[in-house]
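Engineer: I am attaching a structure below and will ask some questions about it afterwards.
The values are calculated or read from the model by the stated rules, or taken from the named source; none is laboratory data. This is a predicted model, so every value here is computed, not measured. Ideal geometry is used to build each Cβ from the backbone, glycine not excepted, and the neighbour counts take in all protein chains shown.
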Amino acid sequence: MTPMEASDQDLLERAQKGDGPAFDALVNRHYSRIYGLAYRFLGNRDEAADATQETFLKAFQQLSRFRGRSAFGTWLFRICVNCCQDILRKRREIAVSQLDGNESEDMSVWDPNEGNPDELISERERARAIQKALAQLDPDFRQVLILCDMEGLTYSEVAEILRIPEGTVKSRLHRARWAFKEVWVRTSEEQGRTADRQKRGESL
């Protein structure tokens, strides 16, 4: 059985016995999702890459202690959330709370095979707007919103990752959705006013 055909459990058992390629296969299988989770939490590509690397390093170091009480992916999510919290804590300590604004490389390169560049720019602008709105939420709200609504995890999985009661996940998610909606509406109105001012300036 090749690594691509093997289940997470099979690869995990082999990795726990010292099979390096089996762990590499697990990394390759879960890297994109862990990186995406980290980026949603941090809003910064470099920090997300650092958090992803740290997640897999810690997973490798703790591999012998994993007992399979949860899915391997859920376990990785818990490690990743903790790594992101550490980075956010360090960020606050040095008083850097804003999102990384240097994402221009996404806007400057267009692959003709990807489709209409105007549509791609619109999608990326929307993704940035969502990221900015998430950054304005209380960390507890941001966590459950990302894990439940963006990653599609169940209440029980999120409760396990965050180590809080399932009822707390549900109540936080309800409040998080309302908080996000308020931020989103406010941000959209501000963007609309900015666009109107720019149009008036161009018409002068």
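Engineer: What single numbered condition from (1) touching a His at 6+ places or on another chain (Cβ under 9 Å); (2) of a type outside the set (S, T, N, Q); (3) modelled with pLDDT under 95 fails to hold for Arg91?
Structural biologist: (1)
Engineer: Does Arg33 qualify as being modelled with pLDDT of 90 or more, within 18 Å of Val158 (Cα to Cα) and touching a helix residue (DSSP H, G or I) at 6+ places or on another chain (Cβ under 9 Å)?
Structural biologist: yes
Engineer: Just to check your reading of the model, which residue among Gly115, Gly68, Gly101 is modelled with pLDDT under 85, closer than 30 Å to Leu11 by Cβ and small (Gly, Ala, Ser)?
Structural biologist: The conditions single out Gly68.
Engineer: If we keep just the residues of the stretch 1-30 that are of a type outside the set (A, V, I, L, M, F, W, C), touching a helix residue (DSSP H, G or I) at 6+ places or on another chain (Cβ under 7 Å) and closer than 30 Å to Asp140 by Cβ, which is surrounded by the most Cβ atoms within 10 Å (Cβ to Cβ)?
Structural biologist: Among them, the one singled out is His30.
Engineer: Within the stretch 164-186, count every residue that is of a type in the set (D, E, K, R) and touching a helix residue (DSSP H, G or I) at 6+ places or on another chain (Cβ under 8 Å).
Structural biologist: Number satisfying all stated conditions: 5.
Engineer: Which of the residues belonging to the stretch 60-81 are in contact (Cβ under 8 Å) with a residue 24 or more places away in the chain and outside any loop (DSSP other than H, G, I, E, B)?
Structural biologist: Hits for the stretch 60-81 are Phe60, Leu63, Ser64, Phe72, Gly73, Thr74, Leu76, Phe77, Arg78, Ile79, Cys80, Val81.
Engineer: Still on this structure: Restricting to the stretch 130-157, what's the tally of residues that are in a loop (DSSP other than H, G, I, E, B) and touching a helix residue (DSSP H, G or I) at 6+ places or on another chain (Cβ under 9 Å)?
Structural biologist: Summing the residues that are in a loop (DSSP other than H, G, I, E, B) and touching a helix residue (DSSP H, G or I) at 6+ places or on another chain (Cβ under 9 Å) in the stretch 130-157 gives 6.
Engineer: For the structure I just gave you, tell me whether Gly36 is surrounded by fewer than 20 Cβ atoms within 10 Å (Cβ to Cβ), closer than 30 Å to Ala129 by Cβ and either in the same structural domain as Tyr155 (by TED's automatic domain parsing) or not hydroxyl-bearing (Ser, Thr, Tyr) (or both).
Structural biologist: In short, yes.
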